[in-house]
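The structure under discussion appears below in the form of structure tokens.
The values are calculated or read from the model by the stated rules, or taken from the named source; none is laboratory data. Since the structure is predicted, the reported quantities are computational estimates derived from the model, not experimental observations. So basically every Cβ, Gly included, is an ideal-geometry build from the backbone, and we count neighbours across all protein chains shown.
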Amino acid sequence: MKFLEDFFNKARPNFQKGGKFEKLYPAFEAFETFVFTPPHTTHDGVHVRDSIDLKRTMFTVIVAMIPTLLFGMWNVGYQHYQAYGLEMSHWDYFMFGFWKVLPIIVVSYAAGLGVEFIFSVLRGHSVSEGYLVSGLLIPLTMPVTVPLWMVALGAIFCTLIGKEIFGGTGMNFMNPALLARAFLFFAFPAYMSGEIWTDLSPEGGRALVDGYSGATNLVVFDENFRNLPSPADMFWGFEQGSIGETSVAACLIGALILVVTGVGSWRIMLSCVLGALFMGYLFNVLAPDSMPHHAMHTPGYYHLLMGSFAFGTVYMATDPVSAAHTEKGKWVYGFLIGAFTVILRVFNPAYPEAVMLSILLMNVFAPVIDHLVVEQHIKSRLKKSKLSRA
Amino acid sequence: MGKTINIRRGYDIRLVGEAEKVLQEAPFSDLFAVKPADFPAITPKLLVAPGDEVMAGQALFYDKDRPNLRFPSPVSGEVAEIVRGEKRRILEVRILADREVRYLEFPRADLARLDRASVIQQLLDSGCWQYLRQRPFSIIADPVDVPKAIFISGFDSAPLAPDWGFALAAERENLQAGLQVLRILANGNLHVGLRSDESSGLREVDLGGIVPPENIHRFRGPHPAGNVGVHIHHIDPIQPGEKVWTINAQDAVILGRLFREGRFRADRVLALTGGCVAKPRYVRVWTGQRMSDVVDGQLNADHVRIIQGNVLTGKTSSAADFVSFYTNQITVIPEGDKPEFLGWLLPGFHKLSLSRTYFSWLWPKRRYNLDTNTHGEERAFVMSGEYEKVLPMNILPTYLLRAILARDVERMEQLGIYEVAEEDFALCEFVCTSKVPVQRILAEGLEYMRKEG
């Protein structure tokens, strides 16, 4: 690695104060620290530091997303060939999906990191690692048929409006990737809902199979929940939907990685599940007997398997910046996300993407939840001090 | 006896280089120095000039704001030089030491009959008062106050910290005399925290029955279980308007000597520790002695950081420096100023982290030779819930730090700033993913409160 070290050492003077590209220093620094962990040492305070940094944290989240990505690629191919009634090998399914998904990922990273670099150069702050995760989250929440210009637009919106106008990673109050998805969903409904979930590029000489339907299970659910795919299919993810969202199993692997490494909050994930189950079963109890097809009759646990509940819970709700920051607040925050998701799904058929909206809503309320927790903490401290004085 | 208090939140950083239980004498230096920067929040005014003869225990300078706080020479000899820094700030008062130390004599007291006023007077006259610290703010105590209580931690739980049970084994009588003095100062309200299993640190027998059994508290758990701030929090938390005093166990021994021997005798036992020390062990040194006497020939590497104190709260030092007044430990670890290729991407079997993002967590018993690398750059605060895992207090650390950054006095009070000192938050700084300088922020907050309040 000596030659790389020499390369950076040689290039560095050009980017430092007085150098030709002084202004581009943040960009240079981002590349350099990407390749080499910087030789910085502690100067005041502690003399040793934990090995973790934001790069490692974000990298861990990406690793946790890989199962959903790989399954998503396979499923894109599977759904495509299914629509044409073709039986192919798993490898064919995967490779079809791979070539469809790869450009979306590349565009997402290119556009988002581009904005990130421009901002860091303009503002002179270092490039933060936050987009490494957002850049993959955006493709995973898109239908595979999404036009690339829309991916680019979403990525730019994500960094610009989701983050940079608040001051960059750590300062935003809503999950940037989710905000970008919501933006695309409301701005371009034609591309983001309806029969767009399967790639239907023609297969020489074949026609779509009879009875093909491009509806996701959330749409089916709104019509009549009894027509939903089997719970097993929904769990493993053999269904239509956004690239990364369909497989609950893949999300569970991701959840395991996040919880074991300590990067994702198990409190939020667990409380989301509890919230959804609570609301789901409450509706089961309250459901009117006279309307046997009403969505309230959906078995409570179905909500954990349908749509993007698992994906949102594991990867979106746990975003530490936009979630509640206090440990008690995380319980409330997660529970409300789960509960709202079910309420929206059951009572508002216009927006099947209930998870996305619930998380964004709770992102907005997270500071309020935290505020209440902190106030309660102060009160309990005060009470304790009065007790000890008495 | 008080009940055992279980500390769950915390972390023991397992480092190589623990001191073997062997005591060595460091050679006696010819050159000594007293550094005003050792003493928190004082403005030094000199009492001596180069060429003056001083005795051990004679004041070299005093605090401008509290002139009865005087700071003594640890040895006798001739004032050689006043080293000054920017704006003529006094950095060091250097003394050429006599071969035989001559002491200023103070009355040897019958400890059973001493009253509080005469104890205070003798501590002030001898310059030993500066060993007493006050919470809130962790500054030198004010002699006019009557503290709610005095707390001593009988064990140090920091990485590679000295074991008081061994280091002070030869000083038991002086320790007990010191405890008696402190009990008088505290009007009987003297509390000691011990490790629950007495596996390290002082034991109840070391205290000689001077501390009433109900004031002996036992703690179990990882660092910072030995921090006196954690003890206070769990035994009798500080309320707004209250003051408690604390003192380090070894400094209590020096108080004991003052009253038993009538002298300010400032030799102390340090643990010489860390991965870069060839033979980590205990060393008896003289306060103010040259560091080179302690570390020369003891190190097994060149490019090292010498720390007076432990890796969490110690101060960067060097062989050219002098042993500080409150130093109980010297840690020498490698400097980490080398870039690492794709350091954030590798599996990291040998990278210590509280998180399990590196695979080192599969070997929980492994000891590490950590260097001073920051392992990443400072970032905006992102990961929540990290600090709470290592702060065993009913305090919301991130919200307190936020209140400090906002200079919100009321909020800082509400969130418990009076209960904490930098050392209590040191582990928070260690674990921080965003590499936030937690102790510096807290120090700023404490200083702000001290000046505003």
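General observations
- Conditions (1) in a strand (DSSP E or B); (2) within 25 Å of B:Pro162 (Cα to Cα): number failed by B:Gly17: (1)
- Within the stretch A:82-93, the set of residues being in contact with a helix residue (DSSP H, G or I) (Cβ under 7 Å, 6 or more places away or on another chain) and either modelled with pLDDT of 95 or more or surrounded by 19 or more Cβ atoms within 10 Å (Cβ to Cβ) (or both) comprises A:Tyr93 only.
- Annotation for the stretch B:85-96: no member residue is on the phi > 0 side of the Ramachandran plot and crowded, with 16+ Cβ neighbours inside 10 Å.
Here's the yes/no breakdown for (1) within 14 Å of chain B (Cβ to nearest Cβ); (2) more than 24 Å from A:Thr60 (Cβ to Cβ); (3) assigned to a helix (DSSP H, G or I); (4) modelled with pLDDT of 90 or more:
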residue: A:Asn284; (1), (2), (3), (4): no, yes, yes, yes
residue: A:Thr318; (1), (2), (3), (4): yes, no, no, yes
residue: A:Ser322; (1), (2), (3), (4): yes, no, no, yes
residue: A:Thr341; (1), (2), (3), (4): no, yes, yes, yes
residue: A:Pro349; (1), (2), (3), (4): no, yes, no, no
residue: A:Ser358; (1), (2), (3), (4): no, yes, yes, yes
residue: A:Leu361; (1), (2), (3), (4): no, yes, yes, yes
residue: A:Glu375; (1), (2), (3), (4): yes, yes, yes, yes
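Yes/no matrix, rows are residues, columns are (1) touching a residue at least 40 places away in the same chain (Cβ under 8 Å); (2) hydrophobic (A, V, I, L, M, F, W, C); (3) in a helix (DSSP H, G or I); (4) within 14 Å of chain B (Cβ to nearest Cβ):
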residue	(1), (2), (3), (4)
A:Ile253	yes, yes, yes, no
A:Ile257	yes, yes, yes, yes
A:Met269	yes, yes, yes, yes
A:Cys272	yes, yes, yes, no
A:Gly280	yes, no, yes, no
A:Pro288	no, no, no, no
A:Pro299	no, no, no, no
A:His303	yes, no, yes, no
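- Close pairs from the stretch A:122-146: first within 14 Å of chain B (Cβ to nearest Cβ), partner crowded, with 24+ Cβ neighbours inside 10 Å and of a type in the set (Ser, Thr, Tyr), Cβ under 8 Å, at least 6 apart: A:Ser128/A:Thr169; A:Glu129/A:Thr57; A:Glu129/A:Thr169; A:Gly130/A:Thr169; A:Tyr131/A:Thr159; A:Tyr131/A:Thr169; A:Ser134/A:Thr159
- Note on the stretch B:156-247: enclosed strands (runs of 3 or more DSSP E) holding 1 or more residues that are at pLDDT 95 or above and within 14 Å of chain A (Cβ to nearest Cβ) are B:244-246.
- Every residue from the stretch B:416-443 that is crowded, with 22+ Cβ neighbours inside 10 Å, more than 7 Å from chain A (Cβ to nearest Cβ) and outside any helix (DSSP H, G or I): B:Val420, B:Ala421, B:Cys432
- Restricting attention to the stretch A:28-81, the residues that are within 27 Å of A:Ile257 (Cα to Cα), crowded, with 24+ Cβ neighbours inside 10 Å, within 7 Å of chain B (Cβ to nearest Cβ) and without any contact (Cβ under 8 Å) to a residue 24 or more places away in the chain add up to 8.
- Residue, surrounded by the fewest Cβ atoms within 10 Å (Cβ to Cβ), within the stretch A:147-170, restricted to residues that are within 14 Å of chain B (Cβ to nearest Cβ) and free of Cβ contacts under 8 Å to residues at least 24 places away in the same chain: A:Gly167
- Within the stretch A:52-68, one or more residues are part of a loop (DSSP other than H, G, I, E, B), over 23 Å from A:Thr313 (Cβ atoms), within 26 Å of the chain's Cα centre (by Cα) and modelled with pLDDT under 95.
- The residue pairs whose first member lies in the stretch A:109-121 and is on the phi > 0 side of the Ramachandran plot, whose second member is modelled with pLDDT of 90 or more and outside any helix (DSSP H, G or I), and whose beta carbons are closer than 8 Å, counting only pairs six or more residues apart or on different chains, do not exist in this structure.
- Answer residue from the stretch B:335-368, given it is surrounded by fewer than 21 Cβ atoms within 10 Å (Cβ to Cβ) and touching a strand residue (DSSP E or B) at 6+ places or on another chain (Cβ under 7 Å) and is farthest from the other protein chains (Cβ to nearest Cβ) among those: B:Arg367
- Residue within the stretch B:45-54 that is of a type in the set (Val, Ile, Thr), under 22 Å from the mean Cα position of the chain (by Cα) and under 29 Å from B:Asp296 (Cβ atoms) present: no
- Restricted to the stretch B:369-392, and to residues there that are among the acidic types (Asp, Glu) and surrounded by fewer than 21 Cβ atoms within 10 Å (Cβ to Cβ), the residue that is farthest from the other protein chains (Cβ to nearest Cβ) is B:Glu378.
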